Amino acid sequence: MGITVEHLGKRFGAFTALDDISLDIRPGELLALLGPSGSGKTTLLRVIAGLEHADGGRVLFDGIDATALPVQQRGVGFVFQHYALFKHMRVDENIAFGLKVRRGQARWPKARINARVQELLSLVQLEGLGQRYPAQLSGGQRQRVALARALAIEPKVLLLDEPFGALDAQVRRDLRRWLRQVHEATGVTTVFVTHDQEEALELADRVAILSKGRIEQVGTPAQVYDQPASPFVYGFVGEANRVAGTKAGGQLQVQGLQLEVPAGSRAPDGPVSLFVRPQDLRLVEAGQAGWSATVSSVQRSGPRLRLHVQLGDGTPLELELPASAQVPQPGQPVLLQPAFFGVFEGQ
């Protein structure tokens with residue numbers, strides 16, 4: 001199922017949660033809604049699900065207006081951050097719940113329900129645990145049960161709200177890989193909310209980045225990381241240094257260094273900000289063109305070294321280098337060049 005969101009608006013008192021949001025979600029894709037707290041991503045997910053009603057705009061499922069449909073008629077499966085499992089029910093009963101509460105012709109025979117439960121236990125890799133209760137499972141296992149319960153009703157759309165937020169780092173990584181496998185096996189259109197950029201970039205086919213109730217950019221993980229559309233995206237997806245400069249014609253003057261304006265930049269002539277990621281800054285030899293800086297500190301970060309430096313006007317920068325690199329010590333001067341960067345209007 002494809003989902004179209006048209007000009008959604010939602011306020012909670014004086015707070016604008018959604019500000020004229022429009023978005024197309026393609027059939028069968030896994031889309032991440034990424035943004036900081038308060039950006040509107042969970043509100044958008046809940047409006048799609050029918051758990052919240054927008055003040056304006058529409059939600060269409062395969063071109064059919066679903067804005068006024070109650071959640072029960074939308075054919076969505078919803079997975080919450082904190083599982084929301086029934087503690088008094090066994091795992092198999094939790095998974096079967098949505099099927100057992102159906103009425104009339106929609107209700108399945110008991111044998112078919114049992115077969116569906118066993119199929120899902122296998123899919124989420126919990127074979128043999130159907131007779132346990134949620135309290136007897138780990139956090140990662142409970143989240144798998146929550147996903148199996150959402151999939152049991154054969155939803156047209158699967159919606160996940162920070163599904164791994166309550167889990168530790170290693171379990172999160174394992175479940176990310178597993179969720180991607182489940183998505184490829186089922187082909188269900190999936191939308192998930194996260195504030196974790198690594199999670200979004202690893203899992204999603206496309207990422208929609210939200211800030212202050214508006215969409216800043218929609219694109220593949222490579223597009224939003226390598227071609228950020230705004231200063232916010234540059235700073236939120238990955239890390240970025242910011243350096244003030246000026247633009248005139250096709251040239252930039254940044255801290256005494258003349259640079260070519262990147263292709264595709266829309267910044268007008270005048271004051272600009274140059275954004276460069278730590279891994280896109282390089283040390284150059286004396287006598288070459290570059291920014292003069294002084295090393296403040298050197299830190300080891302796994303297989304990389306993090307070099308903290310300061311430009312002549314006090315602007316702090318960070319570089320990433322291989323751990324095997326020969327690096328200067330604190331207090332020593334260095335010359336830097338940006339290998340790849342973005343330019344935006346204003347400082």
(message) Let me spell it out: the conditions are (1) part of a loop (DSSP other than H, G, I, E, B); (2) over 14 Å from ALA148 (Cβ atoms); (3) of a type in the set (A, V, I, L, M, F, W, C), and LEU85 meets all of them except one. Which number is the exception?
(response) (2)
(message) Tell me yes or no: at least one residue of the stretch 215-235 is over 30 Å from GLY9 (Cβ atoms), free of Cβ contacts under 8 Å to residues at least 24 places away in the same chain and over 21 Å from the mean Cα position of the chain (by Cα).
(response) no
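For the stretch 196-220, name all the residues that are under 21 Å from VAL5 (Cα atoms) and not hydrophobic (A, V, I, L, M, F, W, C). Working first, answer last.
Step one: of the stretch 196-220, the residues under 21 Å from VAL5 (Cα atoms) are 200, 204-220.
Correct list: ASP205, ARG206, SER211, LYS212, GLY213, ARG214, GLU216, GLN217, GLY219, THR220.
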(request) May I ask you to list the residues in the stretch 88-117 that are farther than 16 Å from LEU147 by Cβ and among the polar types (S, T, N, Q)? (result) GLN105, ASN114
(request) Scan the stretch 327-346 for residues that are in contact with a Ser or Thr (Cβ under 9 Å, 6 or more places away or on another chain), surrounded by 13 or more Cβ atoms within 10 Å (Cβ to Cβ) and within 22 Å of GLY238 (Cβ to Cβ) and jot them down. (result) LEU336, GLY342, VAL343, PHE344, GLU345
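Can you confirm whether LEU283 is in contact (Cβ under 8 Å) with a residue 40 or more places away in the chain, surrounded by 16 or more Cβ atoms within 10 Å (Cβ to Cβ) and out of contact with any Leu (no Cβ under 8 Å at 6 or more places or on another chain)?
The answer is no for LEU283.
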(message) Among the numbered criteria (1) part of a strand (DSSP E or B); (2) within 26 Å of ARG142 (Cβ to Cβ); (3) not hydrophobic (A, V, I, L, M, F, W, C), which one does ASP20 miss?
(response) (2)
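In this structure, is THR246 under 14 Å from the mean Cα position of the chain (by Cα), in a strand (DSSP E or B) and at negative phi? Break it down stepwise before answering.
On the way: under 14 Å from the mean Cα position of the chain (by Cα): no; in a strand (DSSP E or B): yes; at negative phi: yes.
Spelling it out, it is not the case that THR246 is under 14 Å from the mean Cα position of the chain (by Cα), in a strand (DSSP E or B) and at negative phi.
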(request) Please work out which one of (1) in a strand (DSSP E or B); (2) open to solvent by 60 Å² or more (accessible area, probe 1.4 Å) is the condition ASP313 fails and give its number. (result) (1)
(request) Identify the residue in the stretch 36-45 that is touching a Phe, Trp or Tyr at 6+ places or on another chain (Cβ under 9 Å) and of a type outside the set (Gly, Ala, Ser) and, among all such residues, is nearest to PHE80 (Cα to Cα). (result) LEU45
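State which residue is nearest to ALA339 (Cα to Cα) when the search covers only the stretch 299-327 and only residues that are aliphatic (A, V, I, L, M) and modelled with pLDDT under 90. Even if it seems obvious, please write down each step before you answer.
Step one: of the stretch 299-327, the residues aliphatic (A, V, I, L, M) are 305, 307, 309, 311, 317, 319, 321, 323, 325, 327.
Cutting the leftovers down to modelled with pLDDT under 90 gives us 305, 321, 323, 325, 327.
Working: LEU305: 18, LEU321: 13, ALA323: 19, ALA325: 18, VAL327: 18 Å.
Out of the qualifying residues, it is LEU321.
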(message) I'd like to check something: does the stretch 56-73 contain any residue that is of a type in the set (D, E, K, R), open to solvent by 10 Å² or more (accessible area, probe 1.4 Å) and not in a strand (DSSP E or B)?
(response) yes
(request) Any residue in the stretch 147-167 that's over 23 Å from THR43 (Cβ atoms) and of a type in the set (Lys, Arg): show its pairings with residues that are open to solvent by 10 Å² or more (accessible area, probe 1.4 Å) and part of a helix (DSSP H, G or I) at Cβ separation under 8 Å, as long as the two are six or more apart or on different chains. (result) ARG149/PHE97; ARG149/GLY98
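In this structure, does VAL171 turn out to be touching a helix residue (DSSP H, G or I) at 6+ places or on another chain (Cβ under 7 Å), surrounded by 22 or more Cβ atoms within 10 Å (Cβ to Cβ) and not polar (S, T, N, Q)?
Values: touching a helix residue (DSSP H, G or I) at 6+ places or on another chain (Cβ under 7 Å): yes; surrounded by 22 or more Cβ atoms within 10 Å (Cβ to Cβ): no; not polar (S, T, N, Q): yes.
Spelling it out, it is not the case that VAL171 is touching a helix residue (DSSP H, G or I) at 6+ places or on another chain (Cβ under 7 Å), surrounded by 22 or more Cβ atoms within 10 Å (Cβ to Cβ) and not polar (S, T, N, Q).
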(request) Would you be able to say whether some residue in the stretch 230-241 is modelled with pLDDT under 90 and open to solvent by less than 40 Å² (accessible area, probe 1.4 Å)? (result) yes
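What are the residues in the stretch 316-326 that are surrounded by 16 or more Cβ atoms within 10 Å (Cβ to Cβ) and not acidic (Asp, Glu), if any? Spell out the reasoning first.
Just the residues of the stretch 316-326 that are surrounded by 16 or more Cβ atoms within 10 Å (Cβ to Cβ), to begin with: 317-321.
Across the stretch 316-326, the qualifying residues are LEU317, LEU319, LEU321.
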(message) Contact list please: Cβ distance under 8 Å, first residue in the stretch 107-132 and under 22 Å from LEU179 (Cα atoms) and open to solvent by less than 100 Å² (accessible area, probe 1.4 Å), second residue aliphatic (A, V, I, L, M) and assigned to a loop (DSSP other than H, G, I, E, B), pairs at least six apart or on different chains.
(response) LEU121/LEU129; LEU129/LEU137
(request) May I ask you to say which residue of GLN288, GLN253, GLN258 is at pLDDT 85 or above, within 24 Å of GLN227 (Cβ to Cβ) and exposed (fewer than 11 other Cβ atoms within 10 Å of the Cβ)? (result) GLN258
(request) Any chance you could count how many residues in the stretch 1-54 are open to solvent by 50 Å² or more (accessible area, probe 1.4 Å), in contact with a His (Cβ under 8 Å, 6 or more places away or on another chain) and under 24 Å from GLN197 (Cβ atoms)? (result) 2
(message) I need a count of the residues in the stretch 46-95 that are farther than 18 Å from VAL157 by Cα and of a type in the set (Gly, Ala, Ser).
(response) 4
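The values are calculated or read from the model by the stated rules, or taken from the named source; none is laboratory data. Predicted model, so just to flag it, every value in this text is computed and none were measured. Neighbour counts run over all protein chains shown; Cβ positions are idealised from the backbone, glycine included. The protein model used for the area step is the full one, side chains on, heavy atoms only, and it has no ligands, DNA or RNA in it. Shrake-Rupley method; radii C 1.70, N 1.55, O 1.52, S 1.80 Å.
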